[in-house]
1. Among (1) without any contact (Cβ under 8 Å) to a residue 24 or more places away in the chain; (2) farther than 18 Å from residue 122 by Cα, where does residue 23 come up short?
2. Scan 73, 84, 37 and give me the residue that is in contact (Cβ under 8 Å) with a residue 12 or more places away in the chain and open to solvent by 70 Å² or more (accessible area, probe 1.4 Å).
3. If the requirement is being of a type outside the set (S, T, N, Q) and within 15 Å of the ligand (Cβ to nearest atom), which of these qualifies: 52, 72?
4. Just for helices (runs of 4 or more DSSP H) wholly inside region 5-70: which have at least 3 residues that are polar (S, T, N, Q)?
5. For a quick check of your reading of the model, give me the residue pairs whose first member lies in region 126-139 and is assigned to a loop (DSSP other than H, G, I, E, B), whose second is of a type in the set (Lys, Arg), with beta-carbon atoms closer than 6 Å and at least 6 apart or on different chains.
6. Just checking, does region 147-161 include any residue being in contact (Cβ under 8 Å) with a residue 40 or more places away in the chain, in contact with a Gly (Cβ under 9 Å, 6 or more places away or on another chain) and either closer than 17 Å to residue 75 by Cα or part of a loop (DSSP other than H, G, I, E, B) (or both)?
7. Between a first residue in region 47-58 that is modelled with pLDDT of 95 or more and a second residue that is in a loop (DSSP other than H, G, I, E, B), which pairs have beta carbons less than 8 Å apart while being 6 or more apart in sequence or on different chains?
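The values are calculated or read from the model by the stated rules, or taken from the named source; none is laboratory data. Computed from a predicted model, the values in this text were never measured in an experiment. In this analysis, Cβ positions are derived from the backbone assuming ideal geometry, glycine residues included, and neighbour counts consider all displayed protein chains. Heavy atoms of the whole protein, side chains included, go into the accessibility calculation; ligands, DNA and RNA do not. Shrake-Rupley method; radii C 1.70, N 1.55, O 1.52, S 1.80 Å.
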Amino acid sequence: MAQTEDTAFDLEALVAELKSASRSGNAATEMRSIMDQAFSDPENVARHIPEFAEDDTVIYEDDHLSIWHCRFQPGDPVPPHDHQVSAIIGIYAGVERNAFYKSNDGGIEHSSDVMLGPGEVLSIGPSAIHSVECASEEPSCGIHVYGGPLTRIERNLFDLEAGERMAFTDEAYERLKGA
Ligand SMILES: [Fe+2]
């Protein structure tokens, strides 16, 4: 049996650890280490994490930190966007495809893809632009951690086809998702 079987995943404890780490002088490294540890046993996370009614749930937010539970359904991609703060993504079920883009002449172009399966953790820099979608038959589920108050940060959405950047508003997001 894996040693981690002894300790049930505890979402409240994870939030407390990330909150404490976000105040440290070495926040990015400490938070990554906490996420690596938490997702080293993805089945443990899947067994003990609460059931979330919504696909996107803000678990915690303060001036230094945001923690989201993100569930992506097959065939329902999230359009390209930035965060303006660093992010750490940990997956415990399904496969999440992250497509990355680089800026060019006012628009963006696709640069790389990263597929994240259960137990995998990815760190993203503050200027990264990505789109996200489920790449498995079942929904992909994970925890996304951001180094700031994501709901209060002015950030950008990108219309890949039109080559346009726009402010990230609910309206623009829904329009791009429906496009
Ligand atoms: Fe994102």
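1. With respect to (1) without any contact (Cβ under 8 Å) to a residue 24 or more places away in the chain; (2) farther than 18 Å from residue 122 by Cα, residue 23 is out only on (1).
2. 84
3. On the way: 52 fails: within 15 Å of the ligand (Cβ to nearest atom).
After ruling out the rest, the residue left standing is 72.
4. Values: elements: 11-22, 27-38, 42-48.
In region 5-70, 27-38 are the helices (runs of 4 or more DSSP H) which contain 3 or more residues that are polar (S, T, N, Q).
5. What qualifies is 135/97; 139/71.
6. So far as region 147-161 goes, yes, one or more of its residues are in contact (Cβ under 8 Å) with a residue 40 or more places away in the chain, in contact with a Gly (Cβ under 9 Å, 6 or more places away or on another chain) and either closer than 17 Å to residue 75 by Cα or part of a loop (DSSP other than H, G, I, E, B) (or both).
7. Cβ pairs passing all conditions: 47/8; 47/9; 48/8; 48/9; 48/10; 49/9; 55/73; 55/139.
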